[in-house]
Structures are given as C-alpha cells and as structure tokens.
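*Asks:* Below is a structure I'd like to ask you about.
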C-alpha cells in the first residue's frame, strides 16, 4: 500500500530484534555527520532489518520532520525504475513529463528526511547516481543504504555489518537470536545446561549469520539441536566437494540455504525454484497457476506452500484486508532461481508468471468499472513489482513484444486512475518502440500513451500518437481503437480550450461507443467531458443534465473514479449558480474519491474549488489552500492545464484573496500551503470552514462584494461563459 502519513513508511517489527547495540550506536553517530551511510555486509547478515531499526531510532531521536522512508530495491530489475521505486515509497505522484529524478529532487529540496535505500547491490550504479543527485539538491536529506558493496557516492560512510562473532558479546547475541526464533517454532524451547554447548557450536558452525541461524531454528520442528549439528556437518562436506567458491561466509550462507534445500522433498524443491520468478510477495492463487505442472499439481500447492513456510523458506505475510501472502527472502529467491536455471525451466516459468499477471491486469480493467474499483486499485498497488517483472519479460523477447504492448495498454486504469502517469508512459513508450507492426495491440498502446501524454501536458506528442492510432485503426478496421483515438483527441481539444472541436469529437466518440456497445469508465468519462464542454460554454442546465445522467450510471455500476470528475463539473456549475453549500459538498466528495485513488488531477481540481469557496469567508485560509494546490500542480504539470476555462475558479479565488490580504499577506499564506504534503493538503481542504451565511456566502471582512461578480464581457471571464465567451472560443 502507498504511505499516507508524513512520518514515514517503516514496517512494524513482527519478531524480536536481537543485539547490534554497538552497531546501532555507531550508525546513529554516522548519520549525525554524514549525508549518506551505507550498511554493507554478506547476504543474510541482517542488513535490511538492522537499517529499519536504525532508521526508526534516528527518526525518533534526530528530528527528521519529514519522517523515515524505506525503499525496497530488491524487486527492481530495470535501472530506469529505481527512481520510480523511490517515488512510489514516498507516495509521490507526478503527472508531468519531468524525469522522476527531477520530481524527487524538487519534493525533497526543503525537507528533513531519512531515506532508506534497501538492497542496492542489484542496481548499484543507478542507486548511486540518484543518491548523489538528491543529496546535492536536498541539504536536509540523509540516506541510509544497504548493499553488498559500497555505492561510491562522494561523502559516503560505509559501515560493514559483521555476522555475530564468537569472540565478543555477539556470541551471546547469536545464541539469543537462535533461541528467540526457536521458541517461535517450539514454544517450550529454551537454551539451558542440556543444550547450551550444542547451540553455541551450531552458532559457531553457521558463522553467526542471522539468516542461517533463522533457517536452522526452523528445522527444530523435526530435529533436535544435536541432529541439526550432525546433518549440518554432512551438508558442509557435500557442498565443499561440489566446489563451493568465494568468501567463507558466502559459502556458509549458501551451505545453510543449500542444507534447507536438501531437507526439502523433491516436490518442495521444485516449487521453491519456480517461486523464484515472483519479484515480490504473492498469493496462493498465483502459485497454483504459475507453478503447476503434471509433476506439481495445483491441488497440492496448499500443503506444499505450508511445508515451505514450516521450513522457513517462505515467509507468511498477513495483509490488512485479511488475505495471506507469501514472500521469498531475496537470498533464498536467488538460490531458487539458480536451481530453476539448472532445470532449464526459467523461460517457461517466467512466461507462466507473465500470463498470470496479464490475466490480473485484464481482470483489473474489467472490474475497474464496478463497485470493486477501490479493491482493484489496492490490488494493483500490491502487485506492482510483479507487474513490472511481467512487463520486463514481455519486452525482452521479440516474440513477446505484442503481449507487452497489450499488457502496458491494459493497465491504463492504473496509470491514469491511480496517478501513475510517468511510469505508465515509460512502459508504453518502451512497448511502442519495441514493435512498430500495425496491430490491435499497438493501437491500444498508442491511444493509452496518447491519453497519458495529454494529462502530462505533452500535447504535441499526444497528437502524433493519437493520429497514428486513428489511421492505423481505420486501415485495419479496428472500430474500437477508432473510438478511443477520437475520444482522446477530444480531451486534447478540451484542455487547449477549443470547445467546439472538443464537443464534436466527444459526440463522435460517444456515437462510436454506442454502436460498439461499449460501456466502461472511459465511456462515462467521455460523457463527463462533454458535460464540461457544456458548462464552459454557458449551457449550465445541459451540463447538469449530463452530470446527473453520469451519476445515475455510476450508481448503477458502482463506478466512482469517473463520478468524481462529474462531481467537480457539477460543483463548478453550482458555484456559477450561486449555491456555495452544494458546490462545497460536491467538491469535497470529488477530493475524497480522488484521494482514495491517488488521482492527482482530480484532487487538485477539487481543492481549487474548495479554496474559492473558502475565500468567501476566510481569505487567509483560501490562500493557504491555493498554495497547497500549487504544490500539487507542480506534480501534475501545467497549472490548470494552461486553460482559461479550468482556471476560472483559481483566478477568482486569487483575486479575492489578494484584495483582502494584500500581495505580501497572500504570498505568505500561499507559501505555507505550498509546504503541505499531499495528505495534509487534502485534510486541510476538507476541514476548511464553511461559509457562515447562506446564499452567495459572506465576503471577506471589509470587502462587501458577492462571491461571484459579473464583469462586462471580456473583462475577466469569471462568469459562466455565455454567447460572448463561446464567440471568443
């Protein structure tokens, strides 16, 4: 799930943290004087767990007002996605065409914040470049990285996290860790005189590596400590004869994991290998599809998964919604992937994995137009790492390129509806560049990429893609793609203030949709956009009629995302009709819905209206809200799309606030709002006080003027545009 609090996103500790007192003190001292500290060490030594504990302590004691944020880089296979992963962890959404790195730098520039970059070794160069850029532009930023090798960033301080050693207090820590994890397996287990020597010997033989100790503790379900020692001794011998190479501690970790592997049944080993294709956590249904075969039937998966959990190979995760998911630790996953390659099954299993997530995306596209829309958003958030892996696989092999185009296009609901425009465009452009064959898959990717580009404010690129899509669709007889291309061309016309052309294109698209029998959130959105055209053209009753029809359709199908834009349109009309109470109610609901989906465009449009309505009785608070909206527009793109119609509420609000506060007072209040994070901005907008008087609302103190003046034609355009405005358009 995406973070919602400004204090960070560090996970809760599910079991007892053992030892490391001296190292925690050392890293705390380093973070006081260094901008970047890298915790290095062998795989399995506990770098991630240590960094999370250290970050939590630092955030509490050192006053990082922006919180401590964990970025999990282990699932990231493409260096270009490192920046997206950081933005994802921060809950930062950017609709503009800026590079994610620039967005991150702008977001972090004025904040005191601790960023934990975990598992950098797979993308060490990309992580290093990003860290250096951010540190140069954000003086209040501190980075705590974990990696099996230093990043090489100027000013980096490296702290090597050693295994629990035998010659100091860490020997006690190793025994304590083993005892703690063993008691989770056997509640009555305790280290006493009968087993203390054996436990200490086990800790010594495993070189005090925490992951190895935890895996060994898991064996107590079936073996005594002495039996573990005997079998461990056998494993050392066998794996050494197989030619294990590398540092001793690497061999020890491989031995510990390999020993767990040897203790698994043949079917458990095969499942372990196939599970390695999952980039992050996963559910049982995915396992049953991806990993099933005649020798590993789907109906055996429940028991096999439970066995791997019992053996501490799989980690169980309970989610907030009550579902159970499973995770392979990164080192355990790498071991399984090695076996999968030796079996010659990697390509087949990755294809099965991709097919499952293609089905998942198709389900999401269908269910987006239903009462399960919020569930789709949450589920897609949760599966993002696996969806990225599926896209990556599809764009590596020319035979899979068209499936990659289809998958990237099918996820339009997530790219657009859940504030993922930048990442969506990245995948769509990669998919389009991979294969230029005029197919239905390419047509879909073209209209989706065109739509994304319009919302990013890149109209020139969007027009090129949409015109190509329409021509391709006409040439191939793809009536569905024609409809979507025409619809999105209408969006471009609307945002560029060409209302007559927008109206014609929306009506043409809706005609195509009706002929095709198409009904989904895109179709509903075309209706909403036609309602916007009516409202901006001064046809207020027609706008209300369209919005009411949209509301009824959305209620029938449980649709809320497109409904939020109808609520925005209806709120603007209510303001023009001098009904501020209704306008506030509608705009607030628009913000609430869009905040749930993290749709930045819908959020900021609603806040602009709420700021205007607040200006009628509290100019200073309205200016704060305008500042908050300004900060969000920085992430969305061109403020109010550069449109004079969408800018009407903003311009009227600014005029009222400046008249009441003066230029200096307005600038101060605006700056306070600009410093608010997204969640704080939304909370403040929704909590803004309602007007204390009915009707048009009270004017700011000392300025007895109506909330919505009626200037002469051409004098500012704050009224609902009528015939004169249509003539100018």
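*Asks:* Once you have a ≥ b ≥ c as the square roots of the Cα gyration tensor eigenvalues for the range 527-594, tell me rounded if a/c is under 1.5, and otherwise prolate or oblate according to whether a/b is larger than b/c. Display every interim value, and only then the final one.
*Replies:* Working: a/c = 1.99, a/b = 1.20, b/c = 1.66.
Verdict is oblate for the range 527-594.
*Asks:* Let me ask another. Provide Rg over Rh for the chain; use the alpha carbon set for both Rg and the Kirkwood Rh (inverse mean inverse pair distance). All intermediate terms of the calculation are to be shown ahead of the outcome.
*Replies:* Details: Rg = 28.9 Å, Rh = 28.1 Å.
Value, to two decimals: 1.03.
*Asks:* How would you rank 103, 331, going from fewest to most other Cβ atoms within 10 Å of each one's own Cβ?
*Replies:* Working: 103 22, 331 19.
Ordered by Cβ neighbours within 10 Å, fewest first: 331, 103.
*Asks:* Next question. Mind sorting 311, 444 by how few other Cβ atoms lie within 10 Å of their own Cβ, fewest first? Can you show the working numbers first?
*Replies:* Working: 311 20, 444 24.
So the residues, fewest neighbours to most, are 311, 444.
*Asks:* With only alpha-carbon atoms counted, please give the Rg and Dmax of the range 390-548, in Å.
*Replies:* Rg, Dmax (Cα atoms, Å): 15.8, 54.
*Asks:* Another question, if that's okay. State whether the range 540-634 is rounded, prolate or oblate according to the following rule on the C-alpha gyration tensor (a ≥ b ≥ c being the square roots of its eigenvalues): a/c under 1.5 gives rounded; otherwise a/b larger than b/c gives prolate, and the remaining case gives oblate. Show your work: numbers first, answer last.
*Replies:* Values: a/c = 2.59, a/b = 1.36, b/c = 1.91.
The shape class here is oblate.
*Asks:* While we're looking at this one, here's another question. What is the angle, in °, between the Cα long axis of helix 196-205 and the longest principal axis of the Cα atoms in the chain? Nearest 10 is fine, range 0 to 90.
*Replies:* Relative to the chain, helix 196-205 is tipped by roughly 70 degrees.
*Asks:* May I ask you to sort 632, 460, 603 by Cβ crowding, counting other Cβ atoms within 10 Å and putting the fewest first? Mind showing how you got there, number by number?
*Replies:* Working: 632 24, 460 8, 603 30.
If I rank by nearby Cβ atoms, fewest first, I get 460, 632, 603.
*Asks:* Using the C-alpha gyration tensor of the range 445-513, what are the square roots of 5 times its eigenvalues, in whole angstrom, with the largest one first?
*Replies:* On the way: eigenvalues 62, 44, 13 Å².
Equivalent-ellipsoid dimensions as semi-axes: 18, 15, 8 Å.
*Asks:* Another question, then. So what's the angle, to the nearest 10 degrees on a 0 to 90 scale, between helix 21-33 and the longest Cα principal axis of the chain?
*Replies:* 40
*Asks:* Would you please state the base-10 log of I(q)/I(0) at q = 0.14 1/Å for the range 266-344, with intensities from the Debye formula using one equal scatterer on every alpha carbon?
*Replies:* Here log10 of I(q) over I(0) equals -0.40.
*Asks:* Relative contact order, percent, of the chain when contacts are C-alpha pairs under 8 Å separated by at least 6 residues?
*Replies:* Working: 1207 pairs, mean separation 69.6, N = 729.
Dividing the mean separation by the residue count of the chain yields 10 percent.
*Asks:* By how many degrees, between 0 and 90 and to the nearest 10, does the Cα long axis of helix 47-61 differ from the longest principal axis of the chain?
*Replies:* 60
*Asks:* By DSSP, what percent of the beta bridges with both residues in the chain are antiparallel, rounded to the nearest 5? It would help to have the intermediate numbers written out before the result.
*Replies:* Details: 7 of 28 bridges.
About 25 percent, rounded to the nearest 5.
*Asks:* Averaged across orientations, what area in nm² does the convex hull of the alpha carbons in the range 2-152 project?
*Replies:* Over every viewing direction, the Cα hull of the range 2-152 projects on average to 8.7 nm².
*Asks:* Over the range 307-393, what is the relative contact order in percent, taking alpha-carbon pairs closer than 8 angstrom and at least six residues apart? Working shown, then result.
*Replies:* Working: 46 pairs, mean separation 18.1, N = 87.
Dividing the mean separation by the residue count of the range 307-393 yields 21 percent.
*Asks:* Restricting to DSSP H runs of at least four residues, report the calculated mean residue ellipticity at 222 nm for the chain, -39500 (n - 2.57) per run over all residues, nearest 500 deg cm²/dmol. Walk me through the intermediate numbers first.
*Replies:* Working: 33 runs with 454 residues, N = 729.
Calculated from helices alone, the mean residue ellipticity at 222 nm is -20000 deg cm²/dmol.
Computed from the coordinates by the stated procedures, all read-outs in this text should not be read as laboratory data. No experiment lies behind these values; they were computed from the predicted model shown. Glycine also receives a Cβ, built like all others from the backbone with ideal geometry; neighbour counts cover every protein chain displayed.
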